[in-house]
Amino acid sequence: MSEGITISKPAQEAKTKKAGNGAPQQISGSVAVLEAFLAEGVDTIFGYPGGAIMPIYDALYDYQDKLNHILVRHEQGAIHAAQGYARTSGKTGVVFATSGPGATNLVTGLADAMIDSTPVVCITGQVFAHLLGTDAFQETDVINITTPVTKWNYQVTDATEIPEVLARAFYIASSGRPGPVLIDITKNAQLQQFKYEGYKRCNYVRSYRPKPIVRKEYIEEAAKLINQAERPFVIWGQGVILGKAEKEFRQFVEKSGIPAASTILGLSALPSDHPLHVGMLGMHGNYGPNVLTNECDVLIAVGMRFDDRVTGRLDKYARQAKVIHLDIDPAEIDKNVKTTVPVWGDCKETLPLLTELVQQKVYPQWLQRFKDAMKQEEEACILPELNPATEQMSMGEVIKVLNELTDGNAIIVTDVGQHQMVACRYVKFKQSKSNITSGGLGTMGFALPAAIGAKLGDPKRTTIAIIGDGGFQMTIQELGTIMQFGVDVKILILNNSFLGMVRQWQQLFHDKRYSFVNITSPDFVQVAKGYGIAGQSISRREDLKSALQAMLNHKGSYLLEVMVGKENNVFPMVPQGCSVAEIRLK
Amino acid sequence: METGKQEFTVTVYTENHIGLLNRIAIIFSRRKINVESLNTSPSEVEGIHRFTIVINESEDVVRKLVRQIEKQVEVLKAYYNTTDEIVWQELALYKVPTDEIAEKVKVERLLREFGARAVVIRKDYTVFETTGHREETDKLVQVLEPYGLIEFVRSARVAIIKASKGFHEKLKEFEKMAPGAEIKENEYLGKQGEVFSM
């Protein structure tokens, strides 16, 4: 949020300090912030300057060779980019925004990071401490606005607090169940010179228990249940990825021989073609995993939180099963689904303990049930989606061809809606941290900025943002960021000229009363061209493969718009208020 | 949904930080749960704050709420108890016209019956104070109303958990988990020259 700012002179002082030989030196609060970043291994910042954060930006001028600052076009873009960065790099994403509107523009991203457990540290500027509460220009009570959507937040009014507070911020954001942290720094604290004693990383906060203590007796009990089970079923979530426990999880699944299904955010933790990977859970997940949830005898949930989109109607969810729930967050145990055996702890620690105690087994008949269900789903939903008889293309066939060309090695960033469900259903993943999407909050407009961050978080990999025509227009301004910083993001727009998911619901549950779902789009290729981004739009099947290939081969960012069937629906579907067993194939 | 609701007293031990009251309060308001009474005070341990919160909810809901409270970074520990698991008191103040009391002996007897104590006596009014359970302090309101009760106010509940051994030992447990002094120094510390190039 730029504005007419009266340039204050103290900003100059920060630069004039020369280093002594290890002796404590005077530095400004702003420099202390950047020093903290360096000590925490930050290399990329997503941000937007403005009046109340100018001292930090002034200090940043001298740190440009160490810290890569990406100037976004809107603060929401900054935080989504930081989320994408965090999700592909496994590090903490970092954001700068100014006070007032700059800070409030972060709220959607904070809520998104909160519900999807993404480690992000946001630094917001704030008016001078003496102006707090006076309705000063661009003053807003950002601490109280963001309290429900941050894991922790804190307002700094004195520069001497900065090293310790930032150390805490990074520790809290990234440890335990990760989440967003916001530090609001008043302008006087940014300018204030203080005696800098160095930066100490934080690894302990008295009142904070990032990891519950692992209780052996529960692990033993869980193993006993698993060993006695006839139809055990593993469901896993993003906890496996956040815990960096992909290997441990795979070993557990392979030794126990138990079929496993993923939540939307857990995807890619286990390769899609793994023989025990039986698909995705949830409203638009696979048929078998949904239906057989209500037939298994032991349900083993790993790092997932039984979201309502996964459970469907709760009082008809897995009532027959004994439930083992592995989670790092004690508040998740029994929150939605009553647990028979709770396994508190970091799954990187608990999974190996469990693997040791479970017997090596296979469940051929039980696994066959999943295969049979998949066959049923294939006939009813998958084949018509991937090989449609219609003249217009389907979203699924675009994904199918994309799979062939990327061989499952790309990072797939999706927005929210039909294209998201289709992509998550059909993309084949080979390695972890490949599926970046807004799962819990369902934030339209997430994909384009998140893809920028995702690419910068893992620059060697191809990053493809798959976006609908609606969501793309919510954060379309970030094309400017892509242009200015030359971020190599492939943008694949699946355009059905509708707000497709809402339209689908209106068709199915509101007698086809299409209320404001008909969305007109600009010529996306022309828009991209305006930003210096090459692209094309296709609507004929015969152009699909070559167009996708051209997108992937293109050096630098590229926009491909694919016109797809206007009124296609995503199936299977568990209608809201129904049990997972009542999943509809059409 | 209404079934199984009963009065629970939630006791929360926290760091004494600004903003924590809001962080705890919104855990209730987000779920549209009314807080019957809320008290914040120091605890038996220096620097540790104690919240006492009274709500009417089912145990299932209260258990989840307490876990959400405990999840907050600056909360050390949260407990919930039914009313018979605690010793509790509320304090109430009553302002009545002095002439009414002076003239009517009955009033004085009543006040004595309720164990009320005069805090201030002025020509125009007298302020009495009682401590006790809700029913008792409420009853005195009803009794005093006919005699021109001018003002009434009651404090939040404060409660002692019967089974609790206090927080000193618990805090030691928390502090035992403090890691040693293996802290990574800022690797750029020795290279300040590069940083402050101008």
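The values are calculated or read from the model by the stated rules, or taken from the named source; none is laboratory data. Model, not experiment: these values are computed from the prediction. Because the Cβ atoms are built from the backbone with ideal geometry, glycine has one as well, and the counts that use them run over all protein chains shown. Quick note on the areas: whole protein, heavy atoms, side chains included, nothing else; ligands and nucleic acids left out. Shrake-Rupley method; radii C 1.70, N 1.55, O 1.52, S 1.80 Å.
Per the conditions (1) of a type outside the set (S, T, N, Q); (2) within 14 Å of another protein chain (Cβ to nearest Cβ); (3) touching a strand residue (DSSP E or B) at 6+ places or on another chain (Cβ under 8 Å), the sole criterion not satisfied by A:Tyr317 is (2). Filtered by the rule that a residue be of a type in the set (S, T, N, Q), within 14 Å of another protein chain (Cβ to nearest Cβ) and in contact with a strand residue (DSSP E or B) (Cβ under 6 Å, 6 or more places away or on another chain), the range A:333-347 gives a lone residue, A:Thr339.
For the range A:25-60, residues that are open to solvent by 40 Å² or more (accessible area, probe 1.4 Å) and more than 24 Å from A:Ala129 (Cβ to Cβ) total 1.
Conditions (1) buried (at least 17 other Cβ atoms within 10 Å of the Cβ); (2) assigned to a loop (DSSP other than H, G, I, E, B), marked per residue:
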position: A:Thr481; (1), (2): yes, no
position: A:Gln484; (1), (2): no, no
position: A:Arg503; (1), (2): yes, no
position: A:Gln506; (1), (2): yes, no
position: A:Phe516; (1), (2): no, yes
position: A:Gln536; (1), (2): no, no
position: A:Leu560; (1), (2): yes, no
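Could you please find all residues in the range B:90-100 being surrounded by fewer than 19 Cβ atoms within 10 Å (Cβ to Cβ) and either within 14 Å of another protein chain (Cβ to nearest Cβ) or within 16 Å of the chain's Cα centre (by Cα) (or both)? Within the range B:90-100, just B:Leu91 meets the criteria. Scanning the range A:274-294 for residues that are aliphatic (A, V, I, L, M) and within 20 Å of A:Gly440 (Cβ to Cβ) returns A:Met280, A:Leu281, A:Met283. Evaluate the range A:35-45: report whether one residue or more is closer than 20 Å to A:Thr481 by Cβ and part of a strand (DSSP E or B). Yes: the range A:35-45 contains one or more residues that are closer than 20 Å to A:Thr481 by Cβ and part of a strand (DSSP E or B). Listed conditions (1) touching a strand residue (DSSP E or B) at 6+ places or on another chain (Cβ under 8 Å); (2) within 14 Å of another protein chain (Cβ to nearest Cβ) are all met by A:Asp415, apart from (2).
Just wondering, is there one or more residues in the range A:543-553 that are open to solvent by 50 Å² or more (accessible area, probe 1.4 Å) and outside any helix (DSSP H, G or I)?
Just the residues of the range A:543-553 that are open to solvent by 50 Å² or more (accessible area, probe 1.4 Å), to begin with: A:545-546, A:549, A:553.
Still in the running and outside any helix (DSSP H, G or I): none.
No, that holds for no residue.
With respect to A:Val156, determine if the residue is of a type in the set (Val, Ile, Thr) and open to solvent by less than 10 Å² (accessible area, probe 1.4 Å). Taking the combined requirement at face value, the residue satisfies it. Among the residues of the range A:444-479, just one is among the hydroxyl-bearing types (Ser, Thr, Tyr) and open to solvent by 10 Å² or more (accessible area, probe 1.4 Å), namely A:Thr462.
Here is a yes/no grid of residues against (1) within 19 Å of B:Leu20 (Cβ to Cβ); (2) within 14 Å of chain B (Cβ to nearest Cβ); (3) under 24 Å from the mean Cα position of the chain (by Cα):
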residue	(1), (2), (3)
A:Ala113	no, no, yes
A:Val127	no, no, no
A:Asp135	no, no, no
A:Val142	yes, yes, yes
A:Pro148	yes, yes, yes
A:Thr160	no, no, no
A:Asn203	no, yes, no
A:Lys211	no, yes, yes
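Screening the range B:1-89 for strands (runs of 3 or more DSSP E) wholly inside it with 2 or more residues that are within 13 Å of chain A (Cβ to nearest Cβ), of a type outside the set (Asp, Glu) and open to solvent by less than 70 Å² (accessible area, probe 1.4 Å) returns the ranges B:6-15, B:48-57, B:75-82.
Please go through the range A:94-112 and give me each residue that is buried (at least 24 other Cβ atoms within 10 Å of the Cβ) and assigned to a helix (DSSP H, G or I), ordered by number. Before you say what the answer is, go through the steps one by one.
Taking the range A:94-112 and keeping what is buried (at least 24 other Cβ atoms within 10 Å of the Cβ), we get A:94-99, A:102-103, A:106, A:109-110, A:112.
If the condition is that a residue be buried (at least 24 other Cβ atoms within 10 Å of the Cβ) and assigned to a helix (DSSP H, G or I), then A:Gly102, A:Ala103, A:Gly109, A:Leu110, A:Asp112 are the ones that fit.
When the range A:27-67 is filtered for residues that are away from every other protein chain (no Cβ under 14 Å) and among the hydrophobic types (A, V, I, L, M, F, W, C), the ones remaining, listed by number, are A:Ile45, A:Phe46, A:Ala52, A:Ile53, A:Met54, A:Ile56. With respect to (1) open to solvent by less than 80 Å² (accessible area, probe 1.4 Å); (2) touching a residue at least 60 places away in the same chain (Cβ under 8 Å), the lone exception for B:Ile160 is condition (1). One residue stands out in the range B:113-162 among those that are outside any strand (DSSP E or B) and of a type in the set (A, V, I, L, M): the one that is nearest to the chain's Cα centre (by Cα), namely B:Ala156.
Is it true that A:Glu164 is farther than 17 Å from A:Val31 by Cα and touching a residue at least 24 places away in the same chain (Cβ under 8 Å)?
Numbers: farther than 17 Å from A:Val31 by Cα: no; touching a residue at least 24 places away in the same chain (Cβ under 8 Å): yes.
In short, no.
Residues to consider are B:Lys95, B:Lys106, B:Lys165, B:Lys170; find the one that is among the basic types (Lys, Arg) and in a loop (DSSP other than H, G, I, E, B). Write out each step before concluding.
Values: B:Lys95 fails: in a loop (DSSP other than H, G, I, E, B); B:Lys106 fails: in a loop (DSSP other than H, G, I, E, B); B:Lys170 fails: in a loop (DSSP other than H, G, I, E, B).
After applying the criteria, what remains is B:Lys165.
Using the structure shown, decide if A:Val234 is in contact with a Ser or Thr (Cβ under 8 Å, 6 or more places away or on another chain), assigned to a strand (DSSP E or B), buried (at least 24 other Cβ atoms within 10 Å of the Cβ) and more than 10 Å from chain B (Cβ to nearest Cβ). When the stated conditions are applied, A:Val234 passes them. Looking across the range B:138-171 at every residue that is of a type in the set (Val, Ile, Thr) and over 30 Å from B:Thr14 (Cα atoms), the one that is modelled with the highest pLDDT is identified as B:Ile150. Being hydroxyl-bearing (Ser, Thr, Tyr) and open to solvent by 10 Å² or more (accessible area, probe 1.4 Å) holds for only one residue in A:Tyr196, A:Tyr171, and it is A:Tyr171.
Is one or more of the residues making up the range A:400-410 in contact with a strand residue (DSSP E or B) (Cβ under 6 Å, 6 or more places away or on another chain) and surrounded by 23 or more Cβ atoms within 10 Å (Cβ to Cβ)? Among the residues of the range A:400-410, not one is in contact with a strand residue (DSSP E or B) (Cβ under 6 Å, 6 or more places away or on another chain) and surrounded by 23 or more Cβ atoms within 10 Å (Cβ to Cβ), which makes the answer no.
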